[in-house]
Amino acid sequence: MYKHVFLTGPPGVGKTTLIQKASDVLKSSGVPIDGFYTEEVRQGGRRIGFDVVTLSGKRGILSRIGSDLPTGRREYRVGQYVVDVISFETLALPILNNVTSTNPKQKTLCVIDEIGKMELFSQSFIHSVRKTLDCPGALVFGTIPVPKGKPIPLVEEIRSRRDVKVFNITKENRDGILQEILNALQEYNK
């Protein structure tokens, strides 16, 4: 049986939208849920970066185009984006630590959107994701990138776990797959 559910697919296909829709349905049905998702930040119709948004509504910077970070911070880049690891960790790590410190008999759904190149500059995040995946009471509902180019070790590790179900999201299936995802998530929560 699968314990964790991940969505994968090309950028812009609708993975975050599905995460948000499924989270809303589960939250309204009383499932204990916490986590975060990434959201595009646009200015004048142009994408200028990404923010991390917690399910409780807190927001922080994940990355910006060519952004200047405070002096003394190491600069991490993915393409044209500069990743603000400190801002990301400030929001994401407390959520993961809270989920793993919960009573293991109480199952908690933990949304992690996404486990990708930007987020993986944080060694603390990598450690916390592994700890959450191994936590008896945590069910992870997340997104991972499609394999292309050099493999990303943590993403491949997740993809190959026996307790992980991966849904490949496409433009063709994204509008009809929500119920199948909800069924997979609720199967474990019974």
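The values are calculated or read from the model by the stated rules, or taken from the named source; none is laboratory data. Given the structure is predicted, the values throughout are model-derived calculations rather than measurements. Glycine also receives a Cβ, built like all others from the backbone with ideal geometry; neighbour counts cover every protein chain displayed. These area figures cover heavy atoms from the full protein model, side chains too; ligands, DNA and RNA do not enter into them. Shrake-Rupley method; radii C 1.70, N 1.55, O 1.52, S 1.80 Å.
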Discussion item. Any residue at all in the stretch 86-93 that's farther than 23 Å from residue 13 by Cβ, among the hydroxyl-bearing types (Ser, Thr, Tyr) and open to solvent by less than 60 Å² (accessible area, probe 1.4 Å)?
Written reply: yes
Discussion item. I'm trying to understand the selection: among the residues of the stretch 146-190, which are closer than 28 Å to residue 93 by Cβ, open to solvent by 30 Å² or more (accessible area, probe 1.4 Å), touching a residue at least 40 places away in the same chain (Cβ under 8 Å) and in contact with a helix residue (DSSP H, G or I) (Cβ under 9 Å, 6 or more places away or on another chain)?
Written reply: 161, 163, 165, 166, 186, 189
Practice prompt. Please enumerate the residues belonging to the stretch 19-50 that are under 26 Å from residue 100 (Cβ atoms), open to solvent by 10 Å² or more (accessible area, probe 1.4 Å), touching a residue at least 12 places away in the same chain (Cβ under 8 Å) and not hydroxyl-bearing (Ser, Thr, Tyr).
Written response: 20, 21, 25, 27, 31, 32, 33, 34, 39, 50
Item to complete: Of all residues in the stretch 51-69, count the ones that are in contact with a Gly (Cβ under 8 Å, 6 or more places away or on another chain), among the small types (Gly, Ala, Ser) and either modelled with pLDDT of 90 or more or open to solvent by 90 Å² or more (accessible area, probe 1.4 Å) (or both).
Response: 1
Worksheet, complete the sentence: So the helices (runs of 4 or more DSSP H) completely within the stretch 80-190 holding 3 or more residues that are farther than 24 Å from residue 54 by Cβ are 153-160, 178-189
Worksheet item: Is the stretch 134-142 home to any residue that is surrounded by 14 or more Cβ atoms within 10 Å (Cβ to Cβ), modelled with pLDDT under 95, of a type outside the set (Ser, Thr, Tyr) and in contact with a Phe, Trp or Tyr (Cβ under 6 Å, 6 or more places away or on another chain)?
Response: yes
Worksheet item: So, of the residues in the stretch 106-126 that are touching a Pro at 6+ places or on another chain (Cβ under 8 Å) and under 21 Å from residue 30 (Cβ atoms), which turns out to be surrounded by the fewest Cβ atoms within 10 Å (Cβ to Cβ)?
Response: 106
Worksheet item: In the stretch 70-113, what residues are among the charged types (D, E, K, R) and either modelled with pLDDT under 90 or out of contact with any helix residue (DSSP H, G or I) (no Cβ under 8 Å at 6 or more places or on another chain) (or both)?
Response: 73, 74, 75, 77, 84, 105, 107
Practice prompt. Give the residue that is farthest from residue 89 (Cα to Cα), with candidates limited to residues of the stretch 1-39 that are outside any helix (DSSP H, G or I) and hydrophobic (A, V, I, L, M, F, W, C).
Written response: 1
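Tell me, which residue of the stretch 104-160 that is of a type in the set (D, E, K, R) and in contact with a strand residue (DSSP E or B) (Cβ under 7 Å, 6 or more places away or on another chain) is farthest from residue 13 (Cα to Cα)? Break it down into steps so the answer makes sense when it comes.
Going residue by residue through the stretch 104-160, those that are of a type in the set (D, E, K, R) are 105, 107, 113-114, 117, 119, 130-131, 134, 148, 150, 156-157, 159.
Checking which are in contact with a strand residue (DSSP E or B) (Cβ under 7 Å, 6 or more places away or on another chain) leaves us with 107, 113-114, 117, 159.
Numbers: 107: 30, 113: 14, 114: 14, 117: 18, 159: 19 Å.
My answer is 107.
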Worksheet item: Which residues, counting only those in the stretch 100-145, are touching a residue at least 24 places away in the same chain (Cβ under 8 Å), farther than 22 Å from residue 183 by Cα and of a type in the set (S, T, N, Q)?
Response: 100, 102, 103, 122, 124, 128
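Applying the selection to the stretch 73-84, what residues are touching a strand residue (DSSP E or B) at 6+ places or on another chain (Cβ under 8 Å) and surrounded by fewer than 22 Cβ atoms within 10 Å (Cβ to Cβ)?
Residues of the stretch 73-84 that are touching a strand residue (DSSP E or B) at 6+ places or on another chain (Cβ under 8 Å), as a first pass: 75-78, 80-84.
Within the stretch 73-84, 75, 76, 77, 78, 80, 81, 82 qualify.
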